[in-house]
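Here the structure comes first, spelled out in structure tokens, and everything after it is commentary.
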Amino acid sequence: MGQALLRLCREETTGCEVVAAVARRVDTRVVDGVPRFTAAELSGVPAFDVAIDFSLPEGFDAILALCVARGTALVSGTTGLSDAQKAALDAASTTIPLAWASNFSLGVAVLHDLVERAAKLLPGWDCDIVEAHHTRKLDAPSGTALTLGTAAQAGGADPHYASIRAGDIVGEHLVQFAAAGERIELVHRATNRDIFARGALHAAARLNARAPGRYRVADLL
């Protein structure tokens, strides 16, 4: 994701300028004019308006703390957060604008809305969520499937999950509502991982200068 973000900022008009890149380790200090810092050097990065974080739970606390200390916005797609880290997100949202999502695809943001609306309109229907990803993905169900399940629950449904790990599937999510004699399927298929980076950049551009608060991707469409 980090490489995709850097490439898209170079190649496309995103409205975003990269002032620093941070990784666990760094072999070259400057690449394409962008200074690079190790995670241990995070506090030394130059001034920025918005941080975009796609790391691991182990690296999340430091970037959140830095954004709070500097009063800057945060866009994070780091999944697997603990309850304490989720609580820290809520606390931080009282002082800075931030957006956390398990999936920054703009299409998935719309799918969340459709799922909740369908669940409200179809009380008592069975709700099943089937997600498929590449064989290297370890968590199951995916964070996106769980978030879609939360949307279904908000509409009154009781979702059940199934996971598939096969080949190099980027990401597919099917939400099915079924009753006697009929069913409705809402599907999102990702064919290129760039959609997640584009969505994060879209969110970052629109989150900058917003009032403190916790925003969904749908709030930034």
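Some values worked out for this structure:
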{"quantity": "Output for the stretch 1-34, where each listed residue is in contact (Cβ under 8 Å) with a residue 60 or more places away in the chain and surrounded by 14 or more Cβ atoms within 10 Å (Cβ to Cβ)", "calculated": "Met1, Ala4, Leu5, Leu8, Cys9, Thr14, Cys16"}
{"quantity": "Any hit, the stretch 35-50, residues being surrounded by 13 or more Cβ atoms within 10 Å (Cβ to Cβ), under 17 Å from the mean Cα position of the chain (by Cα) and at pLDDT 95 or above", "calculated": "yes"}
{"quantity": "Check on Ala152, at negative phi, open to solvent by 10 Å² or more (accessible area, probe 1.4 Å), among the aliphatic types (A, V, I, L, M) and under 20 Å from the mean Cα position of the chain (by Cα)", "calculated": "no"}
{"quantity": "Some residue of the stretch 77-89 being loosely packed, with under 13 Cβ neighbours inside 10 Å and within 15 Å of Arg216 (Cα to Cα)", "calculated": "yes"}
{"quantity": "Options Thr78, Thr95, Thr38; residue that is polar (S, T, N, Q) and in contact with a Phe, Trp or Tyr (Cβ under 6 Å, 6 or more places away or on another chain)", "calculated": "Thr78"}
{"quantity": "Qualifying residue in the stretch 147-157 (condition: among the hydroxyl-bearing types (Ser, Thr, Tyr) and outside any helix (DSSP H, G or I))", "calculated": "no"}
{"quantity": "So Leu89, is it assigned to a loop (DSSP other than H, G, I, E, B), farther than 24 Å from Leu8 by Cβ and either out of contact with any Cys (no Cβ under 6 Å at 6 or more places or on another chain) or among the basic types (Lys, Arg) (or both)", "calculated": "no"}
{"quantity": "Residue list for the stretch 158-191, filter: surrounded by fewer than 14 Cβ atoms within 10 Å (Cβ to Cβ), in contact with a His (Cβ under 8 Å, 6 or more places away or on another chain) and either in a loop (DSSP other than H, G, I, E, B) or at pLDDT below 95 (or both)", "calculated": "Ala166, Gly167, Asp168"}
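Residues checked against (1) in contact with a helix residue (DSSP H, G or I) (Cβ under 9 Å, 6 or more places away or on another chain); (2) in a loop (DSSP other than H, G, I, E, B):
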{"residue": "Leu8", "(1), (2)": "yes, no"}
{"residue": "Glu17", "(1), (2)": "yes, yes"}
{"residue": "Val22", "(1), (2)": "yes, no"}
{"residue": "Thr28", "(1), (2)": "no, yes"}
{"residue": "Phe37", "(1), (2)": "yes, no"}
{"residue": "Ala51", "(1), (2)": "yes, no"}
{"residue": "Asp61", "(1), (2)": "yes, no"}
{"residue": "Leu66", "(1), (2)": "yes, no"}
{"residue": "Leu81", "(1), (2)": "yes, yes"}
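The values are calculated or read from the model by the stated rules, or taken from the named source; none is laboratory data. As the structure is a prediction and not an experimental result, all values here were calculated from the model. Don't worry about glycine lacking a Cβ; one is built from the backbone with ideal geometry, like all the others, and counts go over all protein chains shown. These accessible areas exclude ligands, DNA and RNA; they are computed on the full protein's heavy atoms, side chains included. Shrake-Rupley method; radii C 1.70, N 1.55, O 1.52, S 1.80 Å.
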